[in-house]
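Below: one structure, written as structure tokens.
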Amino acid sequence: MTKHSSVTRRDALKLAGGAAALGALGSAIPQIAQAAAPMLGVSRPSIYRFKLGAFEVTNILDGYVQGNGPHPAFGNNQPAEVVQALVQAHGLPATRHENPYVVTLVNTGKELVMFDAGNPKGRMKTAGHLSDLLVTAGYSPAQVDIVVLSHGHPDHIGGLMADGKPIYPNARYVFGATEFDYWNKGENIPEARKPTRDLFMTQAAPLGEKATMIKGNDEIVSGIRAVPAFGHSPGMLAFHIESEGKRLYNWADTANHYIVSIQHPEWHVAFDQDKDMAVEVRKKTFDMVSADKIPVVGFHMPFPSVGWVEKTAAGYRWVPASFQFNL
């Protein structure tokens, strides 16, 4: 070492004395009280965008509802304890349930297509946020070119109109003809669904004159076609989406619980109007998407509401997407 970098014994004693003095001084300085960080409440993601070939797909969490369940809403042809044991085996509470509402948009590069319109604002505190979140996601309501309605239930049509005017003023509307006719005519509506019919007449029926009515497997735009999925409602539609060989299946409300409805498609769901038909649609759909390994988006699947159905020895199971769409 050079004489400039060496430390003498005298220097070391000085340094030690200085450190001791600072320590004594520090102990004499009053400590400034730190306020505890405030509780901020639960924060959950509400927007997820991913690529599908040349398309961009955006899922938006319109909201959610929490309450008692899943039985008897799910598995209502089964004893309560059987349904409760199933969800508890997957880490869910036996008697509390959350049902999310997730709207899907597809930007084809030519059209911005929105599937369903979410809940009406004010229906519940925790839902009806689609039009606001649409702006957060980078779009404006005026940019939506096509609104496609899978079926006429309140959480799918409630966000079509506000103060008697369309929320999406430049959009073309697409309804399944069977579904639209059922609610518009109002015949044989179950008592429990009469409020749904009333909402349909204020939210959806006024748009009928400028809407496109589709049947069967009609194409909506290039790369997107309808698939009949009747049962949950009299004319519900699902949708096959494809770009550059990449496929996605939007099954709307074919399955409304990621454990109960998928692991046991034969169990009835209170919301299904024709329960036996809905069972057959679930089985057919799960067979198709699992065999072809087609990713699925579902209106009531846990956000971000995209994943796969995998066939198992016992039946089927939901496999949520991780980072597959990010690569």
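Counting only residues that are β-branched (Val, Ile, Thr) and touching a residue at least 40 places away in the same chain (Cβ under 8 Å), which one in region 120-176 is surrounded by the fewest Cβ atoms within 10 Å (Cβ to Cβ)?
Step by step, filter region 120-176, then rank; the result is THR136.
Can you tell me which condition LEU199 does not meet? The list is (1) under 28 Å from GLY231 (Cα atoms); (2) touching a Pro at 6+ places or on another chain (Cβ under 7 Å); (3) surrounded by 24 or more Cβ atoms within 10 Å (Cβ to Cβ); (4) touching a residue at least 60 places away in the same chain (Cβ under 8 Å), and all the others hold.
(3)
Considering region 177-196 alone, what residues qualify as being in a loop (DSSP other than H, G, I, E, B), free of Cβ contacts under 8 Å to residues at least 40 places away in the same chain and either within 16 Å of ASP116 (Cα to Cα) or out of contact with any Lys or Arg (no Cβ under 7 Å at 6 or more places or on another chain) (or both)?
Scanning region 177-196 gives GLU187, ASN188.
Can you confirm whether region 67-81 contains a residue that is farther than 29 Å from VAL174 by Cβ and in a helix (DSSP H, G or I)?
Checked region 67-81: at least one residue is farther than 29 Å from VAL174 by Cβ and in a helix (DSSP H, G or I).
Give ASN68, ASN107, ASN99 a once-over and let me know the one that is modelled with pLDDT of 95 or more, of a type outside the set (Phe, Trp, Tyr), crowded, with 17+ Cβ neighbours inside 10 Å and more than 14 Å from the chain's Cα centre (by Cα).
From the options ASN68, ASN107, ASN99, the qualifying one is ASN107.
Give region 52-65 a look and list any residue that's in contact with a Lys or Arg (Cβ under 7 Å, 6 or more places away or on another chain) and either over 30 Å from VAL221 (Cα atoms) or part of a loop (DSSP other than H, G, I, E, B) (or both), or say none.
GLY53
Looking at region 91-123 only, could you name the residues that are closer than 30 Å to SER243 by Cβ and either among the hydroxyl-bearing types (Ser, Thr, Tyr) or part of a loop (DSSP other than H, G, I, E, B) (or both)?
Answer for region 91-123, where residues must be closer than 30 Å to SER243 by Cβ and either among the hydroxyl-bearing types (Ser, Thr, Tyr) or part of a loop (DSSP other than H, G, I, E, B) (or both): TYR101, THR104, THR108, GLY109, LYS110, GLU111, ASP116, ALA117, GLY118, ASN119.
Please verify whether region 255-264 includes one or more residues that are within 19 Å of the chain's Cα centre (by Cα), part of a strand (DSSP E or B) and at negative phi.
no
So LEU199 fits all but one of (1) in a helix (DSSP H, G or I); (2) under 21 Å from the mean Cα position of the chain (by Cα); what number is the exception?
In the conditions (1) in a helix (DSSP H, G or I); (2) under 21 Å from the mean Cα position of the chain (by Cα), LEU199 misses (2) alone.
Picking from ARG282, ARG317, which residue would you name as being in a strand (DSSP E or B), under 19 Å from HIS90 (Cβ atoms) and touching a helix residue (DSSP H, G or I) at 6+ places or on another chain (Cβ under 9 Å)?
So the residue among ARG282, ARG317 that is in a strand (DSSP E or B), under 19 Å from HIS90 (Cβ atoms) and touching a helix residue (DSSP H, G or I) at 6+ places or on another chain (Cβ under 9 Å) is ARG317.
Rundown of residues vs (1) among the acidic types (Asp, Glu); (2) modelled with pLDDT of 95 or more, yes/no style:
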{"position": "GLU209", "(1), (2)": "yes, no"}
{"position": "LYS215", "(1), (2)": "no, no"}
{"position": "VAL221", "(1), (2)": "no, yes"}
{"position": "PRO228", "(1), (2)": "no, yes"}
{"position": "MET236", "(1), (2)": "no, yes"}
{"position": "GLY245", "(1), (2)": "no, yes"}
{"position": "THR254", "(1), (2)": "no, yes"}
{"position": "GLN263", "(1), (2)": "no, yes"}
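The values are calculated or read from the model by the stated rules, or taken from the named source; none is laboratory data. Computed from a predicted model, the values in this text were never measured in an experiment. Quick reminder, even Gly has a Cβ in these numbers, built from the backbone with ideal geometry, and neighbours come from all protein chains shown.
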